Every structure is written in structure tokens, then in C-alpha cells.
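Taking it in order: structure first as C-alpha cells, then the write-up.
The values are calculated or read from the model by the stated rules, or taken from the named source; none is laboratory data. What you see is a predicted model; the values in this text were computed from it and never measured. Positions of Cβ are backbone-derived with ideal geometry, glycine not excepted, and every protein chain shown enters the neighbour counts.
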Amino acid sequence: MTSIEEQFNGKKLLVKKLIPFGFTKEGSNYALVREILGGQFRLEIRVGRGKKVSVKVFDNDSGEEYLLFSVLSVQGALVEFVPFLVENPGLQLV
């Protein structure tokens with residue numbers, strides 16, 4: 001299993017599709033922030049200089065980054081759900 005960031009290596013980023021998909025422009029970067037799992041967590045996908053992609057999940061109760069998401073060996077509903085969201089960008093999250 002590889003990290004989500006590694007899954008973007010070698011892929012062509014179509015910057016013109018970021019805004020229509022829901023990303024917002026922040027200076028020279030783009031960001032997509034969504035509440036997931038009934039608002040318990042916040043998913044942040046950021047595309048920076050050099051088209052580097054960063055994906056982080058935050059616990060909304062504590063405001064801290066949900067570090068288990070970043071640990072490759074961890075299994076669980078949230079850890080498996082977020083890569084699914086990233087791989088299926090047409091999904092509408094509420």
C-alpha cells in the first residue's frame with residue numbers, strides 16, 4: 001500500500017478542472033476542504049507549487065490532524081474511505 005500522495009506521482013494534473021470540482025485558489029495553491037463522516041472529520045486536499053498533492057484528515061472535535069490516516073499499516077473505515085474519495089472525485093459529500 002502506498003500513500004495517497006504517492007498515488008499522484010507520474011499523473012498529469014489538470015489544473016483547469018480543480019475549480020469546477022470544488023477547489024478554491026489560495027495564492028498560487030489550490031485547496032479542497034470537506035466535512036466527512038457526518039462532520040466528525042475534515043478532509044483537506046491541497047495542491048501546491050510543482051503540483052505537489054497533500055492530503056490530510058483532521059478530527060473536528062480536537063482540531064488535530066488524524067494521524068492514523070497517514071500510517072500506511074493502519075486499517076479501518078476512515079483510513080479506507082478517504083482514498084476512495086480521492087479516487088472517485090465525482091462523489092458529492094454532505
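The table below lists the values:
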quantity	calculated
Subset of segment 29-63 (residues that are closer than 24 Å to Val15 by Cβ, small (Gly, Ala, Ser) and not in a strand (DSSP E or B))	Gly48, Gly50
Any pair with Cβ under 7 angstrom, 6 or more apart, that starts in segment 3-16 at a residue that is modelled with pLDDT under 75 and ends at one that is part of a loop (DSSP other than H, G, I, E, B)	Ser3/Leu72
Positions within segment 23-51 being among the basic types (Lys, Arg), without any contact (Cβ under 8 Å) to a residue 24 or more places away in the chain and exposed (fewer than 14 other Cβ atoms within 10 Å of the Cβ), in sequence order	Lys25, Arg49
Among the residues listed as Glu80, Glu35, Glu26, Glu64, the single one being at pLDDT 60 or above and under 13 Å from the mean Cα position of the chain (by Cα)	Glu35
